[in-house]
Every structure is written in structure tokens, then in C-alpha cells.
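The values are calculated or read from the model by the stated rules, or taken from the named source; none is laboratory data. As the structure is a computational prediction, the values presented were derived from the model and not from experiment. When we count neighbours, we look across all protein chains shown, and the Cβ atoms used for this are built from the backbone with ideal geometry, even at glycine.
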Amino acid sequence: MLRRHATVLAFLTAMGAATPPAGSAAETVTGQVIDLACYMLDTRNTVPTHTGRGYACAQACAKEGFQVGLLTSNGRVFEIIGGLAANKNAKLIAHMGEVVTIAGDVGKRDGFATIAANDLTGTATRGR
């Protein structure tokens, strides 16, 4: 499991390090906070417990510094960057699987949608 995550993490890190977000625009986006590595392996992995990986997989991956994303109700996925993702996702770990609203700069980096922000709101509900 860890080796597969490491491969996905290396890919996402290389993707993110290549270029800064282009054409950023301020936007407010609501969606579920997800572990991007596990989501890319199986799109059913949107809650803290992942298929075949046990309880709290999402928090464990986020604590390791794996990329965290925001999955909207229409299926759009954003990588969360900026202050929210700083210090190995310290501000995001407690919100894995929750539906939140993030106001920030939306852009693209290497063809992948990003949202850069320092804070989030609306953590009252868990996703699917």
C-alpha cells in the first residue's frame, strides 16, 4: 500500500513542482476534502476509510504530506495548495471527508485544477 502511495505521491509532486498555477482567478468552491492519491487509485475513496486500506487512511496520507483535493458535487477535482496545504496539510487533516467551502485563487498547473487558499469554512457535514 505505501509503495503504491509513494508512486502516486511522486507523480503528483512532480506535476505540482513543474510550474506555478497559470491564470489564477478568485473563486469560492464547495466540495468534499479528499486524499488525491487514494482517489486516483479508486474514485470511491472519498471518505476517511478507503477500500481495502482501513480506517483513517485519508488522515494518514494527509499527515504524510500527500496532496489533498476538493471534490465538487459535479465531479470537478481541485488540488488544494497554499497555506491550507502547508506543513503537511496541518489545516486539512481534521477535515478529510468533510464538505467545506474554500475561497481562493483557482488556476491550473500542468493541466490540473488548483485552488490556493489559507482558510476554509463550513465543515458541518461528511461527504457521501
Which residues, counting only those in the range 63-76, are among the aliphatic types (A, V, I, L, M) and either in contact with a helix residue (DSSP H, G or I) (Cβ under 6 Å, 6 or more places away or on another chain) or at pLDDT below 95 (or both)? Val68, Leu71
For His95, all conditions in the list (1) surrounded by 13 or more Cβ atoms within 10 Å (Cβ to Cβ); (2) at pLDDT 95 or above hold save one; what is the number of the exception? (2)
Restricting the range 56-86 to residues that are over 11 Å from Met96 (Cβ atoms) and among the charged types (D, E, K, R), the residue that is surrounded by the most Cβ atoms within 10 Å (Cβ to Cβ): Glu79
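To keep it simple, each residue is scored yes or no on (1) out of contact with any helix residue (DSSP H, G or I) (no Cβ under 9 Å at 6 or more places or on another chain); (2) part of a helix (DSSP H, G or I); (3) modelled with pLDDT of 80 or more.
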| site | (1), (2), (3) |
| --- | --- |
| Ala14 | yes, yes, no |
| Ser24 | yes, no, no |
| Cys61 | no, yes, yes |
| Ile80 | no, no, yes |
Pairs under 8 Å by beta carbon, first residue of a type in the set (D, E, K, R) in the range 23-38, partner surrounded by 14 or more Cβ atoms within 10 Å (Cβ to Cβ) and in a helix (DSSP H, G or I), six or more apart or different chains? Asp35/Cys57; Asp35/Ala58; Asp35/Cys61; Asp35/Ala62
Thr114 - would you say it is touching a Pro at 6+ places or on another chain (Cβ under 8 Å) and either surrounded by 16 or more Cβ atoms within 10 Å (Cβ to Cβ) or under 15 Å from Gly31 (Cα atoms) (or both)? yes
Taking the range 85-122 and keeping only residues that are over 15 Å from Thr72 (Cα atoms) and assigned to a loop (DSSP other than H, G, I, E, B), one is left with Ala90, Lys91, Leu92, Asp110, Gly111, Ala117, Asn118, Asp119
